[in-house]
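Below is one structure, written out as structure tokens; comments come after it.
Values in this text are rule-based calculations from the coordinates and carry no lab data. Everything quoted here is computed from the prediction, not taken from an experiment. Note: ideal-geometry Cβ built from the backbone for every residue, glycine included; neighbour counts use all protein chains shown.
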Amino acid sequence: MARPPFRTGLFPALPPERFRLTAALVEAFHRDGFISGIPVLDATQLAAVRGAVDRITADLERFEPRLYEVEAAHRQRPGEVVCHFLGGFLVDDVLHDLIWHRAVTVPCAQLLGVDRLRFWHDQVFAKPPHHPGVVPWHQDYSYWTRTAPACHITLNVMLDDADEHNGCVHFVPGSQHWGLLPKLPFDAPVEAILPLLPAGARWQPVAAPLRAGHATIHHSHTLHGSYGNRTDRWRRAVVLNYMGPDVRVADGTAPLLRGVPALPVGAVVAGAHFPIVLG
Ligand SMILES: O=C(O)CCC(=O)C(=O)O
């Protein structure tokens, strides 16, 4: 197994076996489309990742040109729309190393059923105390159809204790089987997807409260969303998106992400921005 190109000493390359999920968790993932409570960061790692996220969010305008994207609606209406950006790993060594962390990559590869796992991109979602911003219900792959086939997975690690009061993520169990639904704008009303659900869909969302340093992992088609933060506490999360090693470019009319060399349709999504992080 290749040694990760770590820049910090924060994430020792421990034996992968240590991070393998139990059969019960794998079964739950395939049944519900998500699992919760996965330990990912110890106290030192958590403090470092929080520090990294805070450095970037406190100075988002300065970092913006080097990130893939800062949500435009947040820039226009920061008091209303959740702080959300992509590409933190490009500007910070801790976030860079986190994408290779085996507590993240081993479970994601196991659930995708691949021996080699490729990094797609990272994201940060940050809700300050008493922030009304929501994340509308969505399926991740609706934003990623420029890559195919769908063989993607998401791990969301909370940097604060998260519950229904400060805007933890909610999931709809079984919704990974509902086919691909339309993509919605980030600042859409939280329940904008409801009229678009397939006939007979059982809308029974569940909250996924988490302790800081723990993660959920969800299927690329599982519906999820989150509500505002009604507390005095922060609710920050780093989201890590991965894919199988053979996912290809499905739309070559533009770079897959800002600043990434354009790849032709049919090419494997590969290159320095999309490293193999396991295997
Ligand atoms: O953290 C949130 O509120 C939303 C996260 C999300 O959309 C994801 O984990 O894919």
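Comparing Phe34, Phe11, Phe119, which has the greatest mean-square fluctuation in the GNM of the chain with Cα pairs linked when under 10 Å apart?
Looking only at Phe34, Phe11, Phe119, the biggest GNM fluctuation is shown by Phe11.
Among Ser175, Ser142, which comes first, second and so on when ranked by fewest other beta-carbon atoms within 10 Å?
Listing Ser175, Ser142 from fewest to most nearby Cβ atoms yields Ser142, Ser175.
I need the phi-derived Karplus couplings for the stretch 229-238: 6.51 cos²θ - 1.76 cosθ + 1.60, θ = phi - 60°, integer Hz, Gly and Pro marked x.
9, 9, 10, 7, 9, 6, 9, 10, 9, 9
Normalised by the residues of the stretch 31-102, what does the relative contact order come to in percent, with Cα pairs under 8 Å and at least six apart?
In percent, rounded to a whole number, it is 27.
Convert each backbone phi in the stretch 68-79 into a coupling constant with the Karplus relation 6.51 cos²θ - 1.76 cosθ + 1.60 (shift: θ = phi - 60°), then list the ³J(HN,Hα) values in order as whole Hz, x for Gly and Pro.
Going residue by residue, I get 5, 6, 10, 3, 4, 5, 5, 5, 6, 9, x, x Hz, with x marking Gly and Pro.
Pick from His101, His30, His224: which is most flexible by mean-square fluctuation in a GNM of the chain where alpha carbon atoms under 10 Å apart are linked?
Per the Cα network of the chain with a 10 Å cutoff, His30 tops the list.
Any chance you could tell me what percent of the C-alpha pair distances in the chain go past 30 Å?
24 percent
With n ≥ 4 as the cut-off for DSSP H runs, can you work out [θ] at 222 nm for the chain, using -39500 (n - 2.57) per run divided by the number of residues, rounded to the nearest 500?
-5000 deg cm²/dmol
In percent, how large is the relative contact order of the stretch 120-279, given Cα pairs closer than 8 Å and 6 or more residues apart?
For the stretch 120-279, the relative contact order is 41 percent.
Once you have all Cα-Cα distances for the stretch 130-279, histogram them in 5 Å bins from zero and send the whole-percent values.
2, 9, 16, 19, 18, 16, 12, 7, 2, 0
Once all Cα-Cα distances of the stretch 1-88 are split into 5 Å bins that start at 0, what whole-number percent is in each one?
Whole-percent P(r) values from 0 Å outward: 3, 10, 14, 14, 15, 17, 15, 9, 4, 0.
Give me the orientation-averaged projected area of the Cα convex hull of the stretch 161-207, in nm², one decimal.
Hull-based average projected area comes out at 4.1 nm².
Work out how much length Val265 to Arg248 would gain on full extension: take 0.36 nm times their residue separation and subtract the Cα-Cα distance, in nm to one decimal.
Taking Val265 through Arg248 to full extension adds about 5.4 nm, to one decimal.
Where does the charge balance sit around Ala237 when Lys and Arg score +1, Asp and Glu -1, over other residues with C-beta under 12 Å from its C-beta?
+1
Semi-axes of the stretch 22-144's equivalent ellipsoid from the Cα gyration tensor, sqrt of 5 times each eigenvalue, largest first, rounded to whole Å?
27, 18, 15
Give the calculated FRET efficiency between Leu196 and Thr22 to the nearest 0.05, with a Förster radius of 41 Å applied to their Cβ-Cβ distance.
Taking R0 as 41 Å, the efficiency between Leu196 and Thr22 is 0.70.
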